[in-house]
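Written out below as structure tokens is the structure these notes cover.
The values are calculated or read from the model by the stated rules, or taken from the named source; none is laboratory data. Values in this document were obtained by computation on a predicted structure and should not be read as measured data. We place every Cβ from the backbone using ideal geometry, glycine too, and count neighbours over all the protein chains shown.
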Amino acid sequence: MTSLRPDTAAHLTVRGPADLIQTVPFLLGFQPEQSLVLVGLDAGQVVVTVRIDLPGIGHDGTLRAAITAMHDGGGHDLVAAVFANGPVPDPTQSLPWVDVLADVLAEAERAGCTVLDGLLVVDRRYWSYLCTNETCCPADGRDLPGDSTPVVAAATYAGMVALPSRSSVESLLDPLPDDVRAELVAAIELCDNGYAEMLLSGSGERHDRSVKRAIFAAARAADLPGADAGDRSREDVVRFGVALRRYPIRDAVWMAIDDGRIDGRELWRTMALRLPSPYDAAPLFLFGWANWRAGNGALAGIAAERAVASDPTYTAADLLLAALSRGVDPRRLPRLRTRSA
């Protein structure tokens, strides 16, 4: 299950089922296949989107948990869309996956949600499970428009991206080969030892201020148009990776991301790909948090899961996963504050 939200900076006007279906890949960040997608709305505005694999749906509690989380996250009105493979349905027969829609209706009623529509999408055609008016919902379905529609153009202009599949999203965080990342281990140990010596000499605080300034500058540089964070030097990757293992520095960067002073997603991604475990956990988490605040739950969830896999004790990544699974709206969650603040 993936809990997702649109980029909070994007405002897309949806004028009907076809527009909504074309918006879904941008809400998810990838084209769904064999999926149930639930779009949760509040006063006509999308607040949460959830994707669940179709096979086995409804038998493990996933659907109930998803709809409960959507309700708790403010999505009280739902649109359910089944994206299915296979032949175009026979207009004389019942629509496929109708049992899934029945489960959605039952769970929505239990949770206190209203299902506005249920849609089936197959081979660039769509049908409504709930509408029986032949004028707007013919039995043989309706064609989806091409990719040059206003809603697609608006999403693209807003910088929203729909990759071909979920695996395409996951591949964005595929690390370099183990042997390549292992080449940094000796340099990391040397950097760790050097910091310990600074602490003993009393210069650790001055070093922390210096490395924080360097990380902030590198994050801002990586956000500039045409910048290539992949060019970041080996020395910087090691120094930043070691520094971010220390919670005061990680938290200072985290707060800066959360309140919008920096973004740095390309820097965090580059570090996550190059650093060995567990030093990749911090940049994975920071990448995930920045994406979650921006509305890209697909990347946020994948990054948080990989951070926990790298370092099972990384509680900040657990916090992000909890926010995703519970449908917490990043636009409504107050900005974080440091303990001193």
Revision key, fill the gap. The condition from (1) under 24 Å from the mean Cα position of the chain (by Cα); (2) part of a helix (DSSP H, G or I) that residue 261 misses is numbered (2)
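Residue by residue, here is whether (1) on the phi > 0 side of the Ramachandran plot; (2) surrounded by fewer than 20 Cβ atoms within 10 Å (Cβ to Cβ); (3) outside any loop (DSSP other than H, G, I, E, B); (4) touching a Gly at 6+ places or on another chain (Cβ under 9 Å) holds:
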site	(1), (2), (3), (4)
60	no, yes, no, no
64	no, yes, yes, yes
67	no, no, yes, yes
75	no, no, no, yes
81	no, no, yes, yes
86	yes, yes, no, no
91	no, yes, no, yes
94	no, yes, no, no
Exercise for review: Please find, among 120, 105, the residue that is closer than 22 Å to residue 34 by Cβ, among the aliphatic types (A, V, I, L, M), surrounded by fewer than 21 Cβ atoms within 10 Å (Cβ to Cβ) and modelled with pLDDT of 90 or more.
Suggested key: 105
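Let's see how each residue does on (1) β-branched (Val, Ile, Thr); (2) closer than 25 Å to residue 187 by Cα; (3) touching a Lys or Arg at 6+ places or on another chain (Cβ under 9 Å); (4) buried (at least 24 other Cβ atoms within 10 Å of the Cβ):
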site: 236; (1), (2), (3), (4): no, yes, no, no
site: 250; (1), (2), (3), (4): no, yes, no, no
site: 253; (1), (2), (3), (4): yes, yes, yes, yes
site: 289; (1), (2), (3), (4): no, no, no, yes
site: 296; (1), (2), (3), (4): no, no, yes, yes
site: 306; (1), (2), (3), (4): no, yes, no, no
site: 334; (1), (2), (3), (4): no, no, no, no
Check your understanding: Hey, among 323, 307, which residue is assigned to a helix (DSSP H, G or I), within 28 Å of residue 37 (Cβ to Cβ) and more than 12 Å from the chain's Cα centre (by Cα)?
Key -> 307
**Study point:** Set 135, 68, 49, 114: member being at pLDDT below 95, farther than 18 Å from residue 21 by Cα and within 27 Å of the chain's Cα centre (by Cα)
**Key:** 68
Revision key, fill the gap. Selection from the range 181-203 of residues touching a residue at least 40 places away in the same chain (Cβ under 8 Å), surrounded by 12 or more Cβ atoms within 10 Å (Cβ to Cβ) and part of a helix (DSSP H, G or I) yields 181, 185, 187, 188, 191, 192, 195
Revision key, fill the gap. In the range 267-287, anything surrounded by 24 or more Cβ atoms within 10 Å (Cβ to Cβ) and assigned to a helix (DSSP H, G or I) is listed as 267, 268, 271, 272, 281, 282, 283, 284, 285, 286, 287
Check your understanding: Taking interchain pairs and intrachain pairs at least six residues apart, which have beta carbon atoms under 6 angstrom, with the first residue in the range 283-305 and over 15 Å from residue 319 (Cβ atoms) and the second of a type in the set (Val, Ile, Thr) and part of a loop (DSSP other than H, G, I, E, B)?
Key -> 295/8
